[in-house]
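First comes the structure, then the notes that go with it.
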Amino acid sequence: MSLLENFTEDLLEEAAIEILQELGYEYAFGPDISLGGEYEERKDYREVILASRVKDSLYRINRDLPEEALEEAYRQIITFNSPMLEENNRNFHKLLTEGIEVSFMENGHPRTKNARIVEFEKELFDRNEFLVVNQFTIVENEERRPDLIIFINGIPLILVELKSASDENVGIESAYNQVQTYKKDIPSLFNYNAFCILSDGINAKAGTITSNEERFMNWRSIDGEVVEPLSKPQYEVMFNGMLQKERLLDIIQNFILFQESSEDEKDVDGKKLGDKKTIVKILSAYHQYFAVKKAVEKTKEATSVDGDRKIGVIWHTQGSGKSFSMVFYTAGLVRELNNPTIVVITDRNDLDDQLFTTFTKSKDILRQTPKQADVRKLTDNQKASGNGNNSVEVNGLFDLLNERESGGIIFTTIQKFKPEEGEMPVLTDRRNVIIIADEAHRSQYGLEAKADSKTGEVKYGYAKYLRDALPNASFIGFTGTPIDLEDRSTTAVFGHTIDTYDMTRAVEDEATVKIYYENRIIKLEADEEELKAIDEEFDELTEGQEDIEKEKNKGKWSRLEAIVGLTCSPKTVPL
């Protein structure tokens, strides 16, 4: 019998516990610490936290707070007021990552301070306690016994569900379905859950309480440099890659976000009954995590006194979660670079709206609400009309940049950097401005001057105008399809590639699906000089238009089908 065929669920559980012990985790057998056990830590099977460990950790981490304050903190940890599991989970995550506000009397005066559940500071990291427990029975709506639960300071933050690789009838899908059953039968456990891990010994995937099966993703790197082959047991890679103590807390604190949306709830007749709220919890994938970590470090280098202000390019293929990578990166800048002003630039209004919506829904992790620049600079009339109570908010890019010395997340389109006449004016000369260019390959290029062959007029690309407007800003590009054509080089404008996640790896990770196509080639020959002249004429006529408009016009004016349909030789096309 092969090793794979003999790799039962019990052996997988033992292997997982062994890895965690090697990573420095304590281990306890569930029945031993439950009611009547040899090392009893629970008085009731309904309890999902280890109360004594939670209280001990509060005292150990918050040594400057009095007992009454820590008792209040504990009460907030065990109190949940919403009938909605996702909302309870979001509220606890906020307590976990930001701390618990507690009030107490000090020398006769009321005081308010923050009590921390977990110590995130590296210098004080050893105040945390990591424990893995197997066969931890919980009784609520039903009696259930998850395979592994990871407790940090007595809080059950990670659920691990394992299935046997030796049974062809079960696997990742069965593990996912089991977690859904747990959510219905023992929901209290999931008030605290950061994320879940599923594994059948070969595959391993991680996701949140709102993730569907497809959104449970691989974690294929331990160090962010080497991507392990899928032939290697993925549970080993995931445990060593995600569950290293410091990395686990980093993921929990900085790489989980919540998004809330609402829609009309209607009865059978279509009459509105109210608003239905939906909360989605998003866990960073491994390629997003490592790319953002690298990008933040590159940003620190580029924005330093001796930095060149070229942060670099993140090339992640389309469909791999680029928008969320940008959110996590922005949150990292706010956290680690003393709250810079961040300007997010797209080349189309519809993309600006989409990305702005993604960021706005993620305002909790960003710790501020993004703003959208409607015009380059407000007129006096716009400023005056904006003071009315019922007025529609109109923001100017210049105004948003200059009403602050730091902070702010501002969205705008690249077309606002085209000078109306003459030189592009300086919008701000502050150094603590970081430009994030979405789809950086498309229009944020053009540093060199180009002369019109007919009029002699000299024109520049948007990259030049952008740097004229923000002369001391630093630049990073996010793209799915970088190009490299002389002055249109993504690298030349933004710097070197920081991280790459290509289509091959995305398909392997099932982050995107394979695309099949059949090419059909029609051989045509044309005068290269004439084609170049046509391109230049087209660029001049469409200058300032959004890319989507340009493409429409290009299709309208080219009439390729008319050329192909000509009765002349297909090898010679008269122009």
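With the structure loaded, tell me whether T369 is among the β-branched types (V, I, T), more than 16 Å from F475 (Cβ to Cβ), part of a loop (DSSP other than H, G, I, E, B) and modelled with pLDDT of 90 or more or whether it fails that test. Yes: the conditions hold for T369. Would you confirm whether any residue within the range 106-120 is closer than 30 Å to E13 by Cβ and either of a type in the set (K, R) or over 26 Å from the mean Cα position of the chain (by Cα) (or both)? There is no residue in the range 106-120 that is closer than 30 Å to E13 by Cβ and either of a type in the set (K, R) or over 26 Å from the mean Cα position of the chain (by Cα) (or both). Tell me, yes or no, whether the range 401-412 has at least one residue that is more than 26 Å from D468 (Cα to Cα) and modelled with pLDDT under 95. No, the range 401-412 has no match at all.
In this structure, I152 does not qualify as at pLDDT 95 or above and more than 29 Å from E9 (Cα to Cα).
Just one of the numbered conditions (1) buried (at least 21 other Cβ atoms within 10 Å of the Cβ); (2) of a type outside the set (V, I, T); (3) at pLDDT 85 or above; (4) not in a loop (DSSP other than H, G, I, E, B) is not true of R467: (1).
If you go through the range 45-93 and keep only what is exposed (fewer than 12 other Cβ atoms within 10 Å of the Cβ) and either in the same structural domain as I365 (by TED's automatic domain parsing) or of a type in the set (K, R) (or both), you end up with R46, R63, R75. Per this entry, E142 is not counted among residues that are surrounded by fewer than 19 Cβ atoms within 10 Å (Cβ to Cβ) and not assigned by TED's automatic domain parsing to the domain that holds K245. So, of the residues in the range 94-129 that are in contact with a helix residue (DSSP H, G or I) (Cβ under 8 Å, 6 or more places away or on another chain) and within 30 Å of K276 (Cα to Cα), which turns out to be surrounded by the fewest Cβ atoms within 10 Å (Cβ to Cβ)? Within the range 94-129, the match that is surrounded by the fewest Cβ atoms within 10 Å (Cβ to Cβ) is K94. Considering each residue of the range 236-246 in turn, at least one proves to be touching a helix residue (DSSP H, G or I) at 6+ places or on another chain (Cβ under 8 Å) and either part of a loop (DSSP other than H, G, I, E, B) or within 30 Å of A473 (Cβ to Cβ) (or both). Taken as a whole, the structure leaves K300 outside the set of residues that are buried (at least 16 other Cβ atoms within 10 Å of the Cβ), within 20 Å of the chain's Cα centre (by Cα) and assigned by TED's automatic domain parsing to the domain that holds N432. Please find, among D275, D308, the residue that is in contact (Cβ under 8 Å) with a residue 12 or more places away in the chain, of a type in the set (D, E) and not in a loop (DSSP other than H, G, I, E, B). Going through D275, D308 in turn, the sole match is D275. Checked against the criterion of being closer than 19 Å to N153 by Cα, assigned by TED's automatic domain parsing to the domain that holds L248 and outside any helix (DSSP H, G or I), the candidates E119, E101, E41 yield just one match: E41. Of (1) part of a helix (DSSP H, G or I); (2) under 33 Å from the mean Cα position of the chain (by Cα), Y59 satisfies all except one. Which? Answer for Y59: the failing condition is (2). Looking only at residues in the range 207-266 that are basic (K, R) and farther than 24 Å from T97 by Cα, the one that is surrounded by the most Cβ atoms within 10 Å (Cβ to Cβ) is R220.
For the range 196-216, the criterion of being assigned to a helix (DSSP H, G or I), touching a Phe, Trp or Tyr at 6+ places or on another chain (Cβ under 9 Å) and not aliphatic (A, V, I, L, M) is met by at least one residue.
Restricting the search to the range 316-350, which residues are surrounded by fewer than 19 Cβ atoms within 10 Å (Cβ to Cβ) and over 15 Å from the mean Cα position of the chain (by Cα)? Correct list: E336, L337, N338, N339, N349, D350.
The values are calculated or read from the model by the stated rules, or taken from the named source; none is laboratory data. Keep in mind the model is a prediction, meaning the values are calculated, not measured. Ideal geometry is used to build each Cβ from the backbone, glycine not excepted, and the neighbour counts take in all protein chains shown.
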